[in-house]
Structures are given as structure tokens and as C-alpha cells.
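Colleague: Here's a structure for you.
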Amino acid sequence: QQARIGVTGLAVMGRNLARNLARHGHPVAVHNRTAARTRAFIEEFGDEGVFLPAESIQQFADSLERPRRAIIMVKAGAPTDAVIDELAAVLEPGDMIVDGGNAAFQDTRRREAALRRRGLHFVGTGISGGEEGALNGPSIMPGGSDEAYQALGPLLEDIAAKADDGTPCCTHVGPDGAGHFVKMVHNGIEYADMQLIAEAYDLLRHAAGLRPAEIAEIFRGWNEGRLESYLIEITAEVLAHTDAATGGPFVDIVLDQAEQKGTGRWTVQTALDLGAPVSGIAEAVFARSLSGSAELRAAARGLPGPGETWLDSAAGDRFADDVEQALYASKIVAYAQGFNEIQAGSAEYDWGIDPGAMAAIWRGGCIIRARFLDRIKEAYDSDPHRPTILTDPHFSDALGDAQAAWRRVVSTAAELGVPAPGFSAALAYYDALRAERLPAALIQGLRDYFGAHTYRRTDREGSFHTLWGGDRSEVPAG
Ligand code: NBP
């Protein structure tokens, strides 16, 4: 018997993906650099389906039906290159290598081009949902050629999460690095979403004076409404959790330094290259860096803050509703920015990504799954080329309704000295986009003054320079 698909790399992700495939009736070849891991896998899970264990990469290739489909689930970076080299040596033209790790999309572009020259398909695939998702249904974002998707798509759609309407959370994203690019932005949005949630908690705690258990209840309530999402749901769980050792709130004994593995940073670095303003994601990445800057924080701890540090109780009662509005509005902005980065990447690399389809495959399986993604999908369905989801009537109405509360929350945060970089960056982005005129005009004037960088006028075509050091008359540029 031959396997329909193979998985090499049997750590948590690869193992669960292989089990998921087998549970859906697909015979799976399994391989791992250290063979002991393959043997342990068969011992533990061998009865869950049809597995063909392989001790060598040659045996792994031999056990796959043609054209071969081989999924790599190893550490991103050099290990992935090493496994690709080994696999490519034993595969034949027309075979497919799927990289399901968290690769940088530029690496995926390079690998795809190199393997294409050898007649092999390389399918850089974003997989979201962690360990749990890999086993029970992740959100899957495959890149690569149309031909490869035809051969792989049905298998991947089979094991993907299903949205509430039953559609699989997997679609062909676009050529070469498109899948890993979209996965990267997904993670960037996840950073922004978590930062906003953390700010909402911080304000309820340190402006309104609520206890973690009370805030957990508020989040539980929010999860019944338009904010319903996996992240809001688990926020309630984490805030309600009591530390066994101290008997106090779990959140109070966790060191307040957020770590990161890199996909948020990549999202921002890439956005800088593309000129895509993702201020909400950037603030989230910087907020994690700031939290981890222990020496800096220790040095600055004694700096003066405002005297009054709590809301009075009447204002405190209304505050949770205001924070809900600010959170929803800021979340709309963060997602709008992320989707704009996807559109910018798609234009730059000619990927033809359908943003609405990305919203659709994030509705299940992944960390940012949320009711609200249905709305984003609808916004792009009604106009696939819309410059921003903010102008969709659902979102523009919500922002209009929320803005008074949103402004109160940002000003309360500033007055009471509670940092809310995500909320305020989102509001500033909203106001900047709305503005009739931006002070960028003054910046252009300054650039022309000190560097003769020229400017364009609002009333006629062309570029101009003012003779600042002379009689201050204007001359055409160039
Ligand atoms: P790890 O990222 O911890 O990688 C461990 C696997 O890589 C083992 O199978 C190991 O083999 C293999 N490996 C290494 Br390390 N170097 C190798 C080499 N030079 N040649 C061959 N194999 C090598 O596993 P993971 O946490 O399951 O994640 C797999 C991928 O999925 C990663 O890219 C990760 O970023 C991505 N991802 C993870 C999650 C998550 O929640 N964990 C979610 C989404 C995506 P060995 O057994 O012989 O050491």
C-alpha cells in the first residue's frame, strides 16, 4: 500500500497534522530525522489510522503515491532548507513539497523558484491554530501553483476547520510566498488584537478599579455580543483563573514581560517596506518590546504621573460600556490595517489575493477566529477592491456610534496615566484617514526648505521649489 500524503517532522505540529489526515481516512507516510520519534509516534497513535512509518527519507519517498505530496513540519529557517534539500534529492518532477512551518515569505519565494527550476512544486502553507488546531482542524493558507493546489486542495480542505456555514477554512491564497505572507499578517493582527484586549483589561483594572474576577465576567458578557471570538473567550478564562500557590489571581503572579517569536515583527518590517501603515500592529509589537525592557522600566519607574488615578464611581459604572465600544472600534481599525497590508503585498508581488476569502478562512481553526470576520468577508464580497473596510456601511456605522466612547476612553487613559497605545494609535489612524487636510503639507514645506526636496501644489500639476534662501519666489522643479 502507498500513502496519499506524507509528513516529515513529527514534533507537536507534524504529529497532530498526520493524525488529522489519518483520522480523515487518508493513509499517511510519517518520517522524522530522529527515527525514535517516528517509532514513538506509531506506538502511541498507530491505531488511529493507516500510517506508513519510514526510517529514511528514501523510504519515505518510496511509500508515497505519485505525484508525491510531502508535508514538512520542522523548525523554520535552516532546518527547513536542510529537509527540502534531502527531499528534493529523492523526489521526481511533478512532486509536491508542502512547507507547513512558519517560514518567512521571502524564504518561501526563494525556495519555490529554486524548486520550480527542478520541476518540483513548492507549496508554502500557513497553518494556524497551534497544536489543537493541527489535530482537530486548523485554518490553512496554502500558496504555490494552481496545479499543486488541484492535487493538494481537497486533502487540505478535508482536514481544515469548518466555518459555521460549513465551508472549509482553507483556500488557495496565491502563487509562491502568498500563503506564508497571509499567515504572517494573520499573526500580526493577532498581536494587535491581544494588545487591545490587554489594554481593555488594564483600563478596567487601573482606571475603573475592578478586580480580575469582575473583569472576567465583563469579558464573558462581551463574548455574547459582537466581540464574540476565541481570544475574548480565553481572556475570560485566564482572568478568572486563580493561582494555586498564592490563592490570588493568576494574572497577578505572571511576570509582565510579553515574549515574541518574530511573525509580528516581520509583519511590521514588511509593512515598512511596502509603505503600508499598520500602526496598530506596530504598537502591539513595540508594546511587547517595551514590556520586556526590564532595565529601562526599572530606571523609569519613579517618573511622575498624574495625581488622580481612579475614575469616580459614577463614571466607573459607564466605563465598561465605553471600553467595549473602544475595543470594537480599535479592533476594526487593526483588522483594516492588516487587510490593507495583504492588499499591498498582493499588488507588489502580483499574487491576486482575494481579501474576502482570507477573512472567510480565518473564521474557524485559527487564533483570531471571530464572529466579526463574517462582516469583513461581506464587506469585500460587496466590493473586492474597496480601499478600506472602514467605509463599509456596517463598519462606518459602528465607528460612528462608538467614536464618542472611544474618545472618552483614550482621554481617560491619558488623564489617568494608563498606557493605551493600541486604542490611541487606532483612533489617530481613524482621524487621520478622515481628515480633509493633513499636516503633511507642512512636512513637505520643511523638506523643501532644508533639502530642496520639492512639493506638489493643490491647484496645478507639476513639482515646485521655493527659493527659501533667496527672494522666496517659486520655480518649477527639475
Ligand atoms: P519545532 O519547530 O519544535 O521543530 C521540531 C522538528 O524539527 C522535529 O521534528 C525535529 O526533528 C525537526 N528538525 C530540526 Br529542529 N532540525 C532538523 C533538521 N536539520 N533536519 C530535519 N529535521 C529537523 O516543531 P513544531 O513546534 O511542531 O513546529 C513545526 C513548525 O510549525 C515550525 O515551523 C513552527 O513555527 C510551525 N508552527 C508551529 C505552531 C505551534 O503552535 N507550535 C503553530 C503553527 C506553526 P528531531 O526530532 O530529529 O529533532
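Colleague: Based on this model, can you work out whether residue 122 counts as away from the ligand (no atom under 11 Å from the Cβ) and more than 23 Å from residue 369 (Cβ to Cβ)? Full working, then the answer.
Modeller: Numbers: away from the ligand (no atom under 11 Å from the Cβ): yes; more than 23 Å from residue 369 (Cβ to Cβ): yes.
In short, yes.
Colleague: Hey, does the stretch 380-388 have a residue that's in contact with an Asp or Glu (Cβ under 8 Å, 6 or more places away or on another chain), of a type in the set (Val, Ile, Thr) and assigned to a loop (DSSP other than H, G, I, E, B)?
Modeller: no
Colleague: Let me ask something else. Inspect the stretch 112-129 for any residue being of a type in the set (Asp, Glu) and either in contact (Cβ under 8 Å) with a residue 40 or more places away in the chain or over 28 Å from residue 266 (Cα atoms) (or both) and give the result as yes or no.
Modeller: Yes, the stretch 112-129 contains at least one residue that is of a type in the set (Asp, Glu) and either in contact (Cβ under 8 Å) with a residue 40 or more places away in the chain or over 28 Å from residue 266 (Cα atoms) (or both).
Colleague: Give me the pairs, please: first residue somewhere in the stretch 288-303 and surrounded by 11 or more Cβ atoms within 10 Å (Cβ to Cβ), second residue anywhere and of a type in the set (Phe, Trp, Tyr), beta-carbon distance under 8 Å, and either six or more positions apart or on two chains.
Modeller: Short answer, once both residue conditions are applied: 288/191.
Colleague: If you don't mind, another one. Any residue at all in the stretch 163-172 that is touching a residue at least 24 places away in the same chain (Cβ under 8 Å), buried (at least 24 other Cβ atoms within 10 Å of the Cβ) and out of contact with any helix residue (DSSP H, G or I) (no Cβ under 6 Å at 6 or more places or on another chain)?
Modeller: No: the stretch 163-172 contains no residue that is touching a residue at least 24 places away in the same chain (Cβ under 8 Å), buried (at least 24 other Cβ atoms within 10 Å of the Cβ) and out of contact with any helix residue (DSSP H, G or I) (no Cβ under 6 Å at 6 or more places or on another chain).
Colleague: A further question follows. Of all residues in the stretch 88-111, which are away from the ligand (no atom under 13 Å from the Cβ) and of a type in the set (S, T, N, Q)?
Modeller: Selection gives 106 alone.
Colleague: Here is a further query. Taking the stretch 18-37 as the region of interest, how many residues are crowded, with 24+ Cβ neighbours inside 10 Å and within 9 Å of the ligand (Cβ to nearest atom)?
Modeller: The qualifying residues number 1.
Colleague: What about residue 463, is it under 30 Å from residue 318 (Cα atoms), surrounded by 12 or more Cβ atoms within 10 Å (Cβ to Cβ) and modelled with pLDDT of 95 or more?
Modeller: Details: under 30 Å from residue 318 (Cα atoms): no; surrounded by 12 or more Cβ atoms within 10 Å (Cβ to Cβ): yes; modelled with pLDDT of 95 or more: yes.
Answer is no for this residue.
Colleague: Pick from 429, 449: which is hydroxyl-bearing (Ser, Thr, Tyr) and out of contact with any helix residue (DSSP H, G or I) (no Cβ under 7 Å at 6 or more places or on another chain)?
Modeller: Result: 449 is the single residue among 429, 449 that is hydroxyl-bearing (Ser, Thr, Tyr) and out of contact with any helix residue (DSSP H, G or I) (no Cβ under 7 Å at 6 or more places or on another chain).
Colleague: Related question: Return yes when residue 85 is within 15 Å of the ligand (Cβ to nearest atom), without any contact (Cβ under 8 Å) to a residue 24 or more places away in the chain and over 22 Å from the mean Cα position of the chain (by Cα) and no when it is not.
Modeller: Criteria met by residue 85.
Colleague: Has the stretch 58-77 got at least one residue that is within 15 Å of the ligand (Cβ to nearest atom) and among the hydroxyl-bearing types (Ser, Thr, Tyr)?
Modeller: Within the stretch 58-77, not a single residue is within 15 Å of the ligand (Cβ to nearest atom) and among the hydroxyl-bearing types (Ser, Thr, Tyr).
Colleague: On the given criteria, is residue 425 in contact with a strand residue (DSSP E or B) (Cβ under 9 Å, 6 or more places away or on another chain) and either within 25 Å of residue 157 (Cβ to Cβ) or surrounded by 20 or more Cβ atoms within 10 Å (Cβ to Cβ) (or both)?
Modeller: no
Colleague: If only one of 198, 178 is surrounded by fewer than 24 Cβ atoms within 10 Å (Cβ to Cβ), modelled with pLDDT of 95 or more and among the small types (Gly, Ala, Ser), which one is it?
Modeller: Of 198, 178, the one residue that is surrounded by fewer than 24 Cβ atoms within 10 Å (Cβ to Cβ), modelled with pLDDT of 95 or more and among the small types (Gly, Ala, Ser) is 198.
Colleague: Name the single residue that is nearest to residue 205 (Cα to Cα) among those in the stretch 231-271 being in contact (Cβ under 8 Å) with a residue 40 or more places away in the chain, within 16 Å of the ligand (Cβ to nearest atom) and surrounded by 16 or more Cβ atoms within 10 Å (Cβ to Cβ).
Modeller: It comes out as 231.
Colleague: Does residue 389 satisfy the criteria of being more than 30 Å from residue 214 (Cα to Cα), over 14 Å from the mean Cα position of the chain (by Cα) and surrounded by 22 or more Cβ atoms within 10 Å (Cβ to Cβ)?
Modeller: Yes, satisfied.
Colleague: With farther than 24 Å from residue 430 by Cβ and among the aliphatic types (A, V, I, L, M) as the only criterion, which of 294, 271, 276, 287 stands out?
Modeller: 294
Colleague: Here is a further query. If you check every pair at least six apart or on different chains, which have Cβ atoms under 6 Å apart with a residue in the stretch 55-77 that is over 21 Å from residue 40 (Cα atoms) and hydrophobic (A, V, I, L, M, F, W, C) first and a residue that is part of a loop (DSSP other than H, G, I, E, B) and within 15 Å of the ligand (Cβ to nearest atom) second?
Modeller: The qualifying pairs are 76/101; 76/102; 76/103.
The values are calculated or read from the model by the stated rules, or taken from the named source; none is laboratory data. No experiment lies behind these values; they were computed from the predicted model shown. All Cβ positions, even for glycine, are placed from backbone atoms using ideal geometry, and neighbour counts span all protein chains on display.
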